[in-house]
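Some notes on the structure that comes next.
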Amino acid sequence: MDIIAGIKNSYMADGLSDDQVAAIANISELLKASDMQTIVNETEEANDIFIILEGKVRVTTIHGDPIARLQKGALVGEIALFEDIERSATVVSDGDSALIRISAAKLNKLMDEQPTIGLQILRNIGRTLCQRLRSSNVQLEAVLGVL
């Protein structure tokens, strides 16, 4: 389980050099989760970002309704980079998994100190959040069309 390889395999690191990825790895730590272990609770304060290194996770509402299933390379909790608010979903390990935990405060500090890293990370995350919003809009239109 290589943290550097895990970061490189995530969309967050698209366009970053090996040295820039290593800088992110230096502020990261490995987290192992067993099957059904809660990684993020919907009501807790958001202050860490996770990259799935191995295994899968389920993202659900507080009532257990499924939102998504995420696999290797996916990010969880990237909104923590933008706001210190409560999490909007619960994330549970679906089988044994390994994740990379990155403190949002440490990553924001790194991005302030090295703006080229920050700009690329924010572009990558922004692009993905826009794709998710477009997908949600299509799903919402489909639901409203049925009503």
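Each value in this text was obtained by applying a stated rule to the coordinates, not by laboratory testing. These numbers were taken from a predicted model, which means no experiment stands behind them. Glycine gets a Cβ as well: all are built from the backbone with ideal geometry, and neighbour counts include every protein chain shown.
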Residues whose built amide H sits under 5 Å from the amide H of ILE39, excluding neighbours closer than 5 in sequence, are VAL91, VAL92, SER93
Summed side-chain charge close to GLU44 - residues other than GLU44 whose Cβ falls under 11 Å, Lys, Arg +1, Asp, Glu -1:
-3
From the C-alpha coordinates alone, can you work out the Kirkwood hydrodynamic radius of the chain, in Å?
15.9
In deg cm²/dmol and to the nearest 500, what is the mean residue ellipticity at 222 nm of the chain if only DSSP H runs of at least 4 residues count, each as -39500 (n - 2.57), divided by the residue total?
-12500 deg cm²/dmol
Compute a Gaussian network model of the chain, connecting alpha carbons closer than 10 Å, and tell me which residue from ARG123, ARG87, ARG132 fluctuates the most.
ARG132
If packing is taken as the average number of other Cβ atoms within 10 Å across a peptide's residues, how do 57-68, 90-101, 134-145 rank, most packed first?
90-101, 57-68, 134-145
Counting C-alpha atoms alone, how compact is segment 22-82: give Rg to one decimal and Dmax as a whole number, in angstrom.
12.2, 38
